[in-house]
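Engineer: I'd like to ask some things about the structure below.
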Amino acid sequence: MEKLSLIDSFAEFKEYKGIDTETLMRILEDVLRGLLAKKYGTDKNIDIIVNVDKGDLEIWRNRTIVEDDQVTDSSTQVPYSEAIKIEPDFEVGEELSEEIRFADFGRRDILSIRQNLIGKVQEYDRARIYNKYKEKVGNIIVCEVYQVWKKEIMVIDEDGIELTLPKQEQIPGDFFRKGDAVKGIVLKVEMKNGIPNIILSRVSPIFLERLFENEVPEIFDGLITIKNTVRQPGERAKIAVESYDDRIDPVGACVGMKGSRIHGIVRELRNENIDVINYTTNAELYVARALSPAQVISVTIHEDTKKADVFMKPDQVSLAIGKGGYNIRLASKLTGYEIDVYRDSDMEYEDDVDLQEFSDEIELWIIEALKSIGCDTAKDVLALSKEDVAERADLEQETVENVFNILRAEFEDESANE
C-alpha cells in the first residue's frame, strides 16, 4: 500500500467521522508506533511526520554509529561498517537517519495498520460521544425518531448519534412515528461493552424545569428560582417558584399573559395539569398553596412527625385529593409533609354520618377505598357522582350502586322518623 493512498483513505474516514486533523494525526502516529516498536524493538528513536491534509507521511529511524565491536543494541545502534556503505563520510558517534518506507512492510503489517486504525477511530468516536453527552445530562435536546419498538424508541440527533427513549421514560399518551421530532432531557449516559448508551426522559421533573427555563426569561436569567418540582407524568405537576425581586410576580411570570407561556409547556406534556405555586418558608401557607385548586380553612403543622392536618369544607375535599389521589400526593412530595385532610366540623354538617358506622352493611375494604379518595362520611360520598367514585376508588359500578343505596337509605330513614 502506498503511503499516499493510506493517508487519502484515512482522510476520507476522518471527514465521515468528524475527527479533527490534530486528533487524526495522533491516532495515526499511535498506530504506526505500535507496529514499529514491535518490528524494530523500540519506537523511541523513530520520528513520524504526518500531514493528513497534504497526504504526507514520513517515517525516519535514527541510530547512533558505533564501532563494529561496540554494538550492544541493534535497535538504537548501527555498526560503522554498515553506516559508511550508506554515506562514506560518516564517523563514529554521528547519527544515522534512515527513511522507513511502506514497501518495507509486509502485507500482514499493512492489514494490521488498517485494522488498528479502524479500531482506534471507533474507540475515539465512542469516547467523543460519551464525553459530549456526559456534559449534556439534565439538558433538553431535540431528536428525530429513527425506529419505534414496543419497549423503547431509538432517536438520532443532528450528528446522527443514536439515543434511546425507553417506554418508562415516555409520557402516557406519547405516540411517535419514524421521522417525528421528539424533545426530552438527557437522563443518563453510561458505557455498555465499550459503547455509549444515552438515555432520554420526558417524565423527569427536570424536563419540566428546563421547559420553564426555555419559556420564562426571568427563570433563565435567575430572577425567578425554581425551588421544587414534582410530577405525575401526563396527569398533574406542581412547581414551586420564588422571586428575589419584589416587583416580579413569580406565578404570573411563569403563567404568562392569558397563559401564553404555560400553554406551550402543557401541550408538550400531553395536556398535563400544571400548578405553579408561590414558594414560602411559612409551612402552613406552603401546604395550603400546594393543595391548589382546593380552598383550605386551616393547617396545623406537626414538625416532629413531618405531618400536616388540613381542614376544609366537605365540597373541597375531593379537589384536595384529586383524580386518583394525585393532587394530595404531589402536594406531600412538594412540601415534604404527610398531609391528612379533614372535613371542617361546621354545624351545617352535624347530621352527617361517618362511613365507619356502616361497617355492618359495607365491607371494610370498600370503606377504606372510599376514605382513600377523601370520603370519610356518607355525605362526602353522596356529593360525588357514581362514575367519579367508581373511577377514583377503583370500584365496580355495581359495588358503587350498592353503597349509594345504603347511604341514601340512612338519610331517608332519618327524614321518615322526623
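The values are calculated or read from the model by the stated rules, or taken from the named source; none is laboratory data. Note that this is a predicted model, so its numbers are computed, not measured. Counting neighbours? That spans all protein chains shown, and the Cβs are built from the backbone with ideal geometry, glycine included. Just so you know, the surface numbers come from the protein's heavy atoms only, side chains and all, with ligands and any DNA or RNA stripped out. Shrake-Rupley method; radii C 1.70, N 1.55, O 1.52, S 1.80 Å.
Engineer: Kindly indicate the residue of region 301-316 that is open to solvent by 50 Å² or more (accessible area, probe 1.4 Å) and within 37 Å of the chain's Cα centre (by Cα) and also farthest from R343 (Cα to Cα) among those meeting that condition.
Structural biologist: Per the criteria, the residue is D304.
Engineer: While we're on this one: So I277 clears everything in (1) open to solvent by 20 Å² or more (accessible area, probe 1.4 Å); (2) touching a helix residue (DSSP H, G or I) at 6+ places or on another chain (Cβ under 6 Å); (3) more than 21 Å from C375 (Cβ to Cβ); (4) assigned to a strand (DSSP E or B) except one condition, right? Which one?
Structural biologist: Result: I277 passes all but (1).
Engineer: So which residues in region 360-375 are free of Cβ contacts under 8 Å to residues at least 40 places away in the same chain and either over 14 Å from G325 (Cα atoms) or open to solvent by 40 Å² or more (accessible area, probe 1.4 Å) (or both), if there are any at all?
Structural biologist: D360, E363, L364, W365, I366, I367, E368, K371
Engineer: Let me ask another. Restricting the search to region 61-72, which residues are open to solvent by 60 Å² or more (accessible area, probe 1.4 Å) and closer than 25 Å to R33 by Cα?
Structural biologist: T72
Quick grid of which residues meet (1) in contact (Cβ under 8 Å) with a residue 24 or more places away in the chain; (2) assigned to a strand (DSSP E or B); (3) under 19 Å from the mean Cα position of the chain (by Cα):
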{"position": "R210", "(1), (2), (3)": "yes, no, yes"}
{"position": "I219", "(1), (2), (3)": "yes, no, no"}
{"position": "N228", "(1), (2), (3)": "yes, yes, yes"}
{"position": "G252", "(1), (2), (3)": "no, no, no"}
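Engineer: Same structure again: What number of residues in region 164-184 are in contact with a strand residue (DSSP E or B) (Cβ under 7 Å, 6 or more places away or on another chain), touching a residue at least 40 places away in the same chain (Cβ under 8 Å) and within 16 Å of E152 (Cβ to Cβ)?
Structural biologist: 2
Engineer: Out of everything in region 231-250 that is modelled with pLDDT under 95 and small (G, A, S), what residue ends up being nearest to I219 (Cα to Cα)?
Structural biologist: Taking the candidates together, the pick is S243.
Engineer: Among the residues of region 100-120, is there at least one that is in contact with a Lys or Arg (Cβ under 7 Å, 6 or more places away or on another chain), without any contact (Cβ under 8 Å) to a residue 60 or more places away in the chain and not basic (K, R)?
Structural biologist: no
Residue by residue, here is whether (1) part of a loop (DSSP other than H, G, I, E, B); (2) modelled with pLDDT of 95 or more; (3) of a type outside the set (D, E); (4) within 30 Å of T225 (Cα to Cα) holds:
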{"site": "I153", "(1), (2), (3), (4)": "no, yes, yes, no"}
{"site": "Q168", "(1), (2), (3), (4)": "no, yes, yes, yes"}
{"site": "P172", "(1), (2), (3), (4)": "yes, no, yes, yes"}
{"site": "F175", "(1), (2), (3), (4)": "yes, no, yes, no"}
{"site": "G184", "(1), (2), (3), (4)": "no, yes, yes, yes"}
{"site": "V189", "(1), (2), (3), (4)": "no, yes, yes, yes"}
{"site": "P196", "(1), (2), (3), (4)": "no, no, yes, no"}
{"site": "L200", "(1), (2), (3), (4)": "no, yes, yes, yes"}
{"site": "I206", "(1), (2), (3), (4)": "no, yes, yes, yes"}
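Engineer: May I pose another question? Answer yes or no: is there a residue in region 127-146 that is assigned to a helix (DSSP H, G or I), modelled with pLDDT under 85 and open to solvent by 40 Å² or more (accessible area, probe 1.4 Å).
Structural biologist: no
Engineer: Checking the structure you have, find out if any residue of region 342-352 is buried (at least 20 other Cβ atoms within 10 Å of the Cβ) and under 27 Å from S204 (Cα atoms).
Structural biologist: Within region 342-352 (the criterion being buried (at least 20 other Cβ atoms within 10 Å of the Cβ) and under 27 Å from S204 (Cα atoms)), the answer is no, since none of the residues qualifies.
Engineer: Just checking, how many residues over region 103-117 are surrounded by fewer than 16 Cβ atoms within 10 Å (Cβ to Cβ) and not in a helix (DSSP H, G or I)?
Structural biologist: Total meeting the criteria: 1.
Engineer: Can you name the number of the only condition in (1) farther than 20 Å from P196 by Cβ; (2) open to solvent by 70 Å² or more (accessible area, probe 1.4 Å); (3) not small (G, A, S) that I100 fails?
Structural biologist: (2)
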